[in-house]
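Reading through the C-alpha cells given below for one structure.
The values are calculated or read from the model by the stated rules, or taken from the named source; none is laboratory data. Because the structure is a prediction, the values reported are computed rather than measured. Cβ placement follows ideal geometry from the backbone for every residue including glycine, while neighbour counts extend to all protein chains displayed.
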C-alpha cells in the first residue's frame with residue numbers, strides 16, 4: 001500500500017502539480033485548500049506525511065503546524081514545509097517554528113523535555129524541483145518510520 005501524503009496549499013494548480021509528482025513516484029495523495037480543511041483531513045485520513053504551505057487563508061500553515069504539533073494524536077506525523085515565502089519576503093523560513101521556551105514555559109519544558117514548537121521535518125522552496133521534493137519527503141519519512 002502506498003504512503004499517503006496530505007497536500008495543504010491554497011493554490012489548486014500547486015496541489016495538482018504536487019499530487020502528480022507524488023503519484024508518479026508511488027505515493028497516494030489527498031489535498032486541502034487551507035489549514036482548517038487540512039486539519040480536518042489530517043484527522044480523518046491519518047496520512048504518513050504532510051506537505052504544508054505557509055501562507056493560506058482561514059488558517060495559515062504556521063497555525064496548522066502549531067496545532068498539529070500540540071495534538072498528541074497527530075504530533076508524530078512528519079511535516080515538510082513547501083513555500084514561496086522566502087522568495088517573496090527575502091526571509092528564510094527553513095527553521096521558522098523553532099521556539100526557545102519563555103520564562104512561563106520553563107516548568108513545562110523541565111517536566112516534559114519539550115519546547116512548545118519544533119522545526120518542520122523538511123523544507124522546500126517554490127518553484128519546486130520534483131527530484132528535490134521526493135528526496136526531502138523520503139528523508140522525512142526515514143526519520144519517522146511507521
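I'm told residue 63 meets every condition in (1) touching a helix residue (DSSP H, G or I) at 6+ places or on another chain (Cβ under 8 Å); (2) farther than 23 Å from residue 145 by Cα; (3) at pLDDT 95 or above except one. Can you identify the failing condition by its number?
With (1) touching a helix residue (DSSP H, G or I) at 6+ places or on another chain (Cβ under 8 Å); (2) farther than 23 Å from residue 145 by Cα; (3) at pLDDT 95 or above applied to residue 63, the lone miss is (3).
Criterion first (free of Cβ contacts under 8 Å to residues at least 24 places away in the same chain and either within 13 Å of the chain's Cα centre (by Cα) or within 22 Å of residue 128 (Cα to Cα) (or both)) does residue 83 satisfy it?
no
Can you give me the number of residues within segment 1-38 that are at pLDDT 95 or above, touching a helix residue (DSSP H, G or I) at 6+ places or on another chain (Cβ under 6 Å), within 21 Å of residue 75 (Cβ to Cβ) and outside any strand (DSSP E or B)?
1
For segment 75-94, does any single residue satisfy the condition of being exposed (fewer than 14 other Cβ atoms within 10 Å of the Cβ), at pLDDT below 95 and more than 18 Å from residue 127 (Cα to Cα)?
Within segment 75-94 (the criterion being exposed (fewer than 14 other Cβ atoms within 10 Å of the Cβ), at pLDDT below 95 and more than 18 Å from residue 127 (Cα to Cα)), the answer is yes, since at least one residue qualifies.
Taking into account only those residues within segment 39-51 that are part of a helix (DSSP H, G or I) and surrounded by 14 or more Cβ atoms within 10 Å (Cβ to Cβ), which is farthest from the chain's Cα centre (by Cα)?
45
What residue, among those in segment 52-68 that are touching a strand residue (DSSP E or B) at 6+ places or on another chain (Cβ under 8 Å) and either surrounded by fewer than 18 Cβ atoms within 10 Å (Cβ to Cβ) or touching a residue at least 40 places away in the same chain (Cβ under 8 Å) (or both), is farthest from residue 120 (Cα to Cα)?
56
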